[in-house]
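Take a look at the structure set out below.
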Amino acid sequence: MRSEGALARLAEVAARAKPVALAREQVLPVLPALGALLPDGLRRGSTVAVGGSTSLALALVAGPAGAGSWVAGIGVSSLGLVAAAELGVPLDRLVLVADPPAPSWGTIVATLVDAFDVVLVRARRVGASDARRLTARARERGAVLVLLGDEAAAWPEAPDICLRIADAQWQGLGEGHGHLRSRRVQVEVDGRRGAARPRRAWLWLPAAGGGVEAAEPLAEVRPLLRARTAS
C-alpha cells in the first residue's frame, strides 16, 4: 500500500509538469559551452550515458532546464542542489525522487519518462528487457534519458550518446595554500548515428565565477632552440 501511495503521488507531480513540456520541439538546447560537443543539441527520445561525473550530467541538463523544460532526477542522492544551481540548473524546474526499491524501479522511471522532458537516472544493472522497454519508452514519449555513473557503460541497450571526462585539472591552489576555484576538464563525446564521430572539447567545469565555460586547450610547450652564433 505504501508503494502504491508513493506511485500515486509521483503520478500527480508528473501530471503537473506534463502540460509545460515542450513537446513540439524535436531538439532540446544545451549550454553554449557544450555546443562544440553537441552541435545538434539533445534530440528528444535519445539515451545519453554520462560516465562518472555528476557535474557533467548537471551541465548537460542545465540547458534544457534553463529553456523551460522539466528535469526529474531519480536515485541521485549525491546530487547537491547548490552545485546544480551554480552550474545553471533552475531549481524550480528540477524534481528529485529517492531511489526506489528494486522491484518498482523500472515502473517509477517509466512514470517519469512519460511526463518529464529529461530524466536523470543513477544507472544500475538491469535486465536487457527492462533496458529495452525504458529506452523505447523514452523514444516514444520524446524524453531524454540520461544515465549517470559507471554502470552507464553496462546498460544493455547501447546509448545514443556517451560523454566522459578524459582529463581534469583543478585550479586555485598556490604553494600549499589557497582554495580550489575552478576545474578545467577535457570532455569526450561519441555514440551512434549522428554522434558516431568522436568530439573533444576543454571546459571550465565549474568556472571560477560559477557555471560552465569553454576553455582553450593549453598551448604545447616546446624547448627553445639555442641560437647559433656566427663563427
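The values are calculated or read from the model by the stated rules, or taken from the named source; none is laboratory data. Source: prediction; values computed, not measured. Here the Cβ is made from the backbone with ideal geometry for all residues, glycine too, and neighbour counts use every protein chain on show. Please note that ligands, DNA and RNA were not included when accessible areas were found on the heavy atoms of the full protein model with its side chains. Shrake-Rupley method; radii C 1.70, N 1.55, O 1.52, S 1.80 Å.
Just for segment 211-231: of the residues that are within 17 Å of the chain's Cα centre (by Cα) and not in a strand (DSSP E or B), which one is modelled with the highest pLDDT? Can you show your working first?
Quick first cut of segment 211-231, residues within 17 Å of the chain's Cα centre (by Cα) only: 211-214.
Checking which are not in a strand (DSSP E or B) leaves us with 211-212.
Values: 211: 91, 212: 94.
Filtering first and then ranking leaves 212.
Is it true that residue 135 is in a helix (DSSP H, G or I), in contact with a strand residue (DSSP E or B) (Cβ under 9 Å, 6 or more places away or on another chain) and surrounded by 15 or more Cβ atoms within 10 Å (Cβ to Cβ)?
Details: in a helix (DSSP H, G or I): yes; in contact with a strand residue (DSSP E or B) (Cβ under 9 Å, 6 or more places away or on another chain): yes; surrounded by 15 or more Cβ atoms within 10 Å (Cβ to Cβ): yes.
For residue 135, the condition - in a helix (DSSP H, G or I), in contact with a strand residue (DSSP E or B) (Cβ under 9 Å, 6 or more places away or on another chain) and surrounded by 15 or more Cβ atoms within 10 Å (Cβ to Cβ) - is met.
Total residues in segment 58-111 satisfying the condition of being closer than 30 Å to residue 207 by Cβ and either of a type in the set (Gly, Ala, Ser) or not in a loop (DSSP other than H, G, I, E, B) (or both): the figure is 34. Here residue 85 meets the list (1) within 13 Å of the chain's Cα centre (by Cα); (2) free of Cβ contacts under 8 Å to residues at least 60 places away in the same chain almost entirely, failing just condition (1).
May I ask you to say which residue of 44, 124, 93 is open to solvent by 50 Å² or more (accessible area, probe 1.4 Å), farther than 22 Å from residue 165 by Cβ and touching a Gly at 6+ places or on another chain (Cβ under 8 Å)? Answer to the check: 93. In a residue-by-residue description of segment 149-160, the property of being among the acidic types (Asp, Glu) and part of a loop (DSSP other than H, G, I, E, B) applies to at least one position.
Quick check on segment 140-161: of everything there that is of a type in the set (Gly, Ala, Ser) and at pLDDT 80 or above, which residue is surrounded by the fewest Cβ atoms within 10 Å (Cβ to Cβ)?
Step one: filter segment 140-161 for residues of a type in the set (Gly, Ala, Ser), giving 142-143, 149, 152-154, 158.
Next cut, at pLDDT 80 or above only: 142-143, 149, 158.
Values: 142: 19, 143: 27, 149: 21, 158: 12.
Among them, the one singled out is 158.
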